[in-house]
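**Student:** To start, I am sharing the structure in question, which I have written as structure tokens.
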Amino acid sequence: MTKVDGEAYSEHLNYLRMHFVKGKVYFILDLAGGSDPNNYPLVVLNNSFKNGNPAWTWGGSD
């Protein structure tokens with residue numbers, strides 16, 4: 001992502017990455033840019049597909 005509403009976007013947040021390998025699509029939720037309120041990294045707790053759409057649950061400390 002380079003622009004939001006026509007304005008330059010430079011913050012590093014989370015990204016959805018897709019890889020195409022031998023006719024299959026692999027989705028990866030990259031949480032490298034995210035942290036919780038205690039500055040710990042976010043962790044993927046669950047991943048699944050709902051109605052054909054990828055879905056993730058992630059969390060951190062409270």
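**Student:** Which of the residues belonging to the range 36-58 are more than 12 Å from the chain's Cα centre (by Cα) and touching a residue at least 12 places away in the same chain (Cβ under 8 Å)? Working first, answer last.
**Tutor:** Within the range 36-58, the first condition is being more than 12 Å from the chain's Cα centre (by Cα), and the residues that meet it are 36-41, 45-46, 48-53.
Within the range 36-58, 36, 37, 38, 40, 41, 45 qualify.
**Student:** Can you pull out every residue in the range 17-39 that is among the aromatic types (Phe, Trp, Tyr) and at pLDDT 85 or above?
**Tutor:** Scanning the range 17-39 gives 20, 26.
**Student:** Here's a follow-up. Can you pull out the residues in the range 19-38 that are surrounded by 10 or more Cβ atoms within 10 Å (Cβ to Cβ), out of contact with any Gly (no Cβ under 9 Å at 6 or more places or on another chain) and small (Gly, Ala, Ser)?
**Tutor:** Once the filter is applied, which keeps residues that are surrounded by 10 or more Cβ atoms within 10 Å (Cβ to Cβ), out of contact with any Gly (no Cβ under 9 Å at 6 or more places or on another chain) and small (Gly, Ala, Ser), the range 19-38 yields 32, 33.
The values are calculated or read from the model by the stated rules, or taken from the named source; none is laboratory data. A quick note: this is a predicted structure, and the numbers were derived from the prediction, not measured. Methodologically, a virtual Cβ is constructed for each residue, glycine included, from the backbone with ideal geometry; neighbour enumeration extends over all protein chains shown.
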